[in-house]
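Q: Handing you a structure now.
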Amino acid sequence: MSDYRIEKLRRELKLVLADGSRLEGEVFLRSVSRYRPRPEEPVDMLNDAEPFFAFERSGEAILVSKAQVSTAETTLQEDDALEIGALGISVEVTMRDGTEYLGSVFLESPNDRPRLLDFLNGYRDRFVPLVCPNVVILLNTQHVAHVREVA
């Protein structure tokens, strides 16, 4: 074993690609995130600068282009619920292929009355998390057709 080996964690992920094809398998995550003192999450990996990531399905590793991932679904971890900000907005998101998702986005805004429009226009990462019961759907912002707030 090499002294330079980086320990990785596995996490199940369900992908929908831009062409509509679906892949189920696992991604490899760092044991400590670059952004916070805990293990890396799929959203961290998908939003980092590298254009490809390793994805294992049925024992075979493939390299997937992040630009071609429309959505990625992962389970909501117990610790994630503790980190989510207090201000969630219920939304319906329609992707370019017509698929609709219902869930909540959590605005990171110091304002007392943050607006969904301001959040979306100011969001600079590639994937935005949509929190649904027991799952988080990571939506590629380049594949979103429209978003509406729901009551």
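The values are calculated or read from the model by the stated rules, or taken from the named source; none is laboratory data. Since the model is a prediction, treat every value here as computed from it, not as a measurement. Neighbour counts run over all protein chains shown; Cβ positions are idealised from the backbone, glycine included. In case anyone asks, the SASA skips ligands and DNA or RNA and just uses the protein heavy atoms, side chains included. Shrake-Rupley method; radii C 1.70, N 1.55, O 1.52, S 1.80 Å.
Q: If you average the C-alpha positions of segment 27-76 and of segment 96-147 separately, how far apart do those two centres end up, in angstrom?
A: Their Cα centres are 18 Å away from one another.
Q: Project the alpha carbons of segment 6-45 onto their principal axes and report the range along each, largest first, in whole Å.
A: Taking max minus min along each principal axis of the Cα atoms, segment 6-45 gives 35, 17, 13 Å.
Q: Work out the length of the dipole vector of segment 22-70 about its Cα centre, built from +1 on the beta-carbon of each Lys and Arg and -1 on the beta-carbon of each Asp and Glu, and round it to the nearest 20 debye. Let's see the in-between values first.
A: On the way: 7 positive and 9 negative charges, 32 e Å.
Here segment 22-70 has a charge dipole of around 160 debye.
Q: Rolling a 1.4 angstrom probe over the protein chains, ignoring ligands and nucleic acids, what is the accessible area of GLU60 in square angstrom, nearest 10?
A: Number for this one is 100 Å².
Q: Considering only the other residues whose Cβ falls under 9 Å of the Cβ of VAL91, what net charge follows from Lys and Arg at +1 and Asp and Glu at -1?
A: Values: positive: ARG148; negative: GLU92, GLU149.
Neighbourhood net charge equals -1.
Q: What is the P(r) of segment 19-66, as percent of Cα-Cα pairs per 5 Å bin from 0?
A: In order of increasing distance, the bins hold 5, 19, 27, 24, 16, 6, 3, 0 percent.
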